[in-house]
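The structure under discussion appears below in the form of structure tokens.
The values are calculated or read from the model by the stated rules, or taken from the named source; none is laboratory data. Just so we're clear, the structure is a prediction, and the values are computed from it rather than from any experiment. Methodologically, a virtual Cβ is constructed for each residue, glycine included, from the backbone with ideal geometry; neighbour enumeration extends over all protein chains shown. Ligands, DNA and RNA are stripped out before the accessible areas are found, and what is left, the full protein with its side chains, is counted by its heavy atoms. Shrake-Rupley method; radii C 1.70, N 1.55, O 1.52, S 1.80 Å.
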Amino acid sequence: KRDNSIPFNEFGPTPDAKQYDEIYGIGFNEIYNLDFLKLKAKGYMRGGDLIYKDEMFSIDDRHIKKEKLAQLSALYEEGDFIKIIFGGELTNQELNSTKAGLNTLDNNALFSSITLFLFKNLTINASGRIDNNAIYGQEKSGSLGVKYNMPENTEIFSSLEYAFSAPTLMELFWNEKTVYNFGGGYTYTSEIYGNKNL
């Protein structure tokens, strides 16, 4: 929790403004060893509260962000030959802002990975993930890689990956139009709009 004293905007220091941040986080990471596989449970809850006040321009903004994640995965290994990982996760994001309103974003995902260790020098890895998001729907991503260990501490590797960039809450929902009046007929307008169709 901190007072950031004099913040900056696009014109420089703003001595009439104040900015306050409050950030918190809590989580866990636990591993369970069973006879035939290893389970990993992971979770966290974190958030932030940003307050910005500027009496000169009558700005009194507050942005509260929260994020929660729960993930369970399993690791199966068969000697030095094969390694398999599979699992799922649930994520929830929430934004409560004077600029963007109250918005939530839920995402559920399943993922898996398989690694083969062949001839002591050759490693092949394939992985995949399916995300099901409340806003942008279902997306698939994956990768395929090969690595060969050569003599003299040299590795040759190649990979092919397909991924996507999920839009953030700000990119989806941010909505701001601020008009600054400086007198003498000079007015500056700042506009930022999110796109829910990303």
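Within the range 12-41, residues that are of a type in the set (Phe, Trp, Tyr) reach partners that are modelled with pLDDT under 85 and exposed (fewer than 10 other Cβ atoms within 10 Å of the Cβ) with beta carbons closer than 8 Å, at six or more positions or on different chains, in the pairs Tyr20/Lys1; Tyr20/Arg2; Tyr20/Asp3.
Is the range 118-126 home to any residue that is in contact with a Gly (Cβ under 6 Å, 6 or more places away or on another chain), more than 30 Å from Asp16 (Cα to Cα) and at pLDDT 95 or above?
yes
For the range 181-196, the criterion of being in contact (Cβ under 8 Å) with a residue 24 or more places away in the chain, open to solvent by 80 Å² or more (accessible area, probe 1.4 Å), more than 29 Å from Met56 (Cβ to Cβ) and in contact with a helix residue (DSSP H, G or I) (Cβ under 8 Å, 6 or more places away or on another chain) is met by at least one residue. Against the numbered list (1) open to solvent by 40 Å² or more (accessible area, probe 1.4 Å); (2) within 21 Å of the chain's Cα centre (by Cα), Ile84 comes up short only at (2).
Within the range 12-37, the set of residues being of a type outside the set (Asp, Glu), open to solvent by 80 Å² or more (accessible area, probe 1.4 Å) and modelled with pLDDT of 90 or more comprises Ile23, Tyr24, Ile26, Phe28, Asn29, Ile31, Tyr32, Asn33, Leu34.
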